[in-house]
Amino acid sequence: MTTTYHDLLGGEFWHAIPAYEEIDEATFLDHLWQQRHSVKTPEELVETIRELASPEFIRDVELGFHRAPMAVRVSPYAIALVDWNHPYDDPIRRQFIPVASALLPDHPRLVLDSLHEQADSPVPGLVHRYVDKALFLPIAVCPVYCRFCTRSYAIGPDTENVDKVELAKTPKQWHDVFAYIASRPELEDIVISGGDAYQLPPKNLELIGNALLDIPHVRRMRFATKGPAIMPMKLLTDEAWVDALTHIVDRGRSMGKDVVLHTHFNAPEEITEITQRAMRVLFGRGIFVRNQSVLIRGVNDEPERMQLLVRRLGYLNVHPYYVYMHDMVKGVEDLRTTIQTAVDIEKFVRGSTAGFNTPTFVCDAPGGGGKRDVHSYEHYDRENGIAVYTAPSVKRGRAFIYFDPIDRLSPAAQERWHNECVAQEMIHEALARAGVRDESLVPA
Ligand code: SF4
């Protein structure tokens, strides 16, 4: 591999978008301007890109909006990164703007909350699945809405297809979460996600950070945000937010506790010279950043593109921590890919840079098994797209199944999934080959 990962998009690239032709750099870097001008409707998209997209494409987008499980919200930064000459194939467009013609029928085993987070939630807004770790969801909004969101059951406003579940969104509700964490001495590691920590006002960021640092057994905290990937300029122009994060990191360090930022870059095109400047701010303040990507069809499911993403992240001192299999959520089957694809890409990427800068490819086991190394299946029926995992330290004795997207299977296998009796038999066979005898221990 050459050093193409050094070549980041710079200059005033947003001037290619008709609505941003006159926007100067100071305005484009203003995080409040970015939030105010985020695109949320097909009409706003048309006003922004005007003649860049054909009427057929816009009609396709309008229909896509009606069928999507997630609301749409795209920052001007992300809009400016789309190649509007080829919007159907564009990796940024594919993540955030649905088009009806690309949608595929759901696999019959898909559900809305595929990770069964609600079942592992002892108090609203907290998921406690692993022994020593919990996931705190204090906010239900994000600076962007990703079509593939695992939490499409709760995140963003209601859509025509989904009424969202309520999370704990107020400081009063958060007290129940803090009380639960304080009552469980085994909880050392708290992820603050949502929604997105970017959207927490600085005072709430500090309130949450300090409340968790004050719990003696909490040793590690991670604030999760997609923000650096789709609105990096906030780290350059929202000094109060960066200061609040810095205070928590510094206070944690003074107490011997680890506080880091987790972010979510998926495509190499998301990383520009603005990103580079933004990540230098965090690096300069001693804030460690890890990245968690999702493996998405047409975004990063080619070995060379994933390698480029990984090298670019390493170049910016962002640790490429995980690449997840796309969760088995409804309404986005065009974005999922197969376990075999992940195995092949992992093989290609490993060895192209230092091991500590190489992501682990994981399948977040559907039904609440937690993250399993994609290679660690007990059995993988490639013909019918059925991978069986176990998770002895998370839910002993249980098996968890990941189903490949049906359109990626042979015509004969696709046909078999249309017959429920045959489908049951295929699953039964895969479980038997994995050594699972008691099928009542497989989450529905
Ligand atoms: S930023 Fe994260 S929580 Fe928000 S929509 Fe995207 S994947 Fe979901």
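The values are calculated or read from the model by the stated rules, or taken from the named source; none is laboratory data. Remember, predicted model here, so these are calculated numbers, not experimental data. Note: ideal-geometry Cβ built from the backbone for every residue, glycine included; neighbour counts use all protein chains shown. Side chains are part of the model used for accessible areas, which takes the heavy atoms of the whole protein and leaves out ligands, DNA and RNA. Shrake-Rupley method; radii C 1.70, N 1.55, O 1.52, S 1.80 Å.
Too long at a 18 Å Cα-Cα cut-off: which of LYS371/LYS395; LYS133/LYS234; LYS133/LYS395; LYS172/LYS257; LYS169/LYS203?
Details: LYS371/LYS395 12 Å; LYS133/LYS234 29 Å; LYS133/LYS395 14 Å; LYS172/LYS257 25 Å; LYS169/LYS203 14 Å.
Distance filter (> 18 Å) returns LYS133/LYS234; LYS172/LYS257.
Here's the picture: charge each Lys and Arg Cβ at +1 and each Asp and Glu Cβ at -1 in the range 4-102, and of PRO69, PHE28, SER38 the one pushed furthest to the positive end of that dipole is PRO69.
When DSSP beta bridges are restricted to pairs lying wholly in the range 118-377, around 20% turn out antiparallel.
Modelled spin-label separation between SER410 and ARG36, with each label point placed 7 Å from Cα along the Cα-to-Cβ direction: 5.9 nm. From helices alone, the chain scores -9500 deg cm²/dmol at 222 nm; the rule is -39500 (n - 2.57) for each run of n ≥ 4 DSSP H residues, then divide by the residue total.
Set Lys and Arg Cβ to +1 and Asp and Glu Cβ to -1, take the dipole of the chain about its Cα centre, and tell me which of TYR324, ALA211, VAL374 lies farthest positive. The one lying farthest along the dipole's positive direction is ALA211.
Pop out the carbon and sulfur fraction of the accessible area of the range 4-102 as a percent, whole number, probe 1.4 Å.
Carbon with sulfur: 51 percent of the solvent-accessible area.
The slack between SER254 and GLU51, meaning 0.36 nm per residue of separation minus the straight C-alpha distance, is 67.6 nm. Only the Cβ atoms of Lys and Arg (+1) and of Asp and Glu (-1) were treated as charged; on that basis the dipole of the chain about its Cα centre amounts to roughly 1580 debye. Heavy-atom surface analysis with a 1.4 Å probe gives the range 118-377 a carbon and sulfur content of 52 percent of its accessible area.
Below 8 Å between Cα atoms, with a sequence gap of 6+, how large is the relative contact order for the chain in percent? It would help to have the intermediate numbers written out before the result.
Working: 855 pairs, mean separation 63.1, N = 444.
Relative contact order, the chain: 14 percent.
Dipole check for the range 118-377: with +1 at the C-beta of Lys and Arg, -1 at the C-beta of Asp and Glu, and the Cα centre as origin, the magnitude is about 520 Debye. Using the Cα gyration tensor of the range 234-385, with a ≥ b ≥ c the square roots of its eigenvalues, what is the shape: rounded (a/c below 1.5), prolate (a/b larger than b/c) or oblate (neither)? Verdict is prolate for the range 234-385.
Per-residue extension of 0.36 nm, minus the Cα-Cα distance of ASN85 and ASP344, leaves a gain of 90.2 nm for this segment.
So what is the accessible area of the chain per residue, in Å², with the probe set to 1.4 Å? Don't jump to the answer; show the numbers that get you there.
Details: 17740 Å² over 444 residues.
Normalised by residue count, the accessible surface of the chain is 40 Å².
Ranked by the mean number of other Cβ atoms within 10 Å of their residues, highest first, the peptides 343-353, 136-146, 75-85 come out as 136-146, 75-85, 343-353.
Mean separation of Cα pairs under 8 Å and 6+ residues apart, divided by the residue count of the range 118-377: what relative contact order is that in percent?
Numbers: 465 pairs, mean separation 38.6, N = 260.
Here the relative contact order equals 15 percent.
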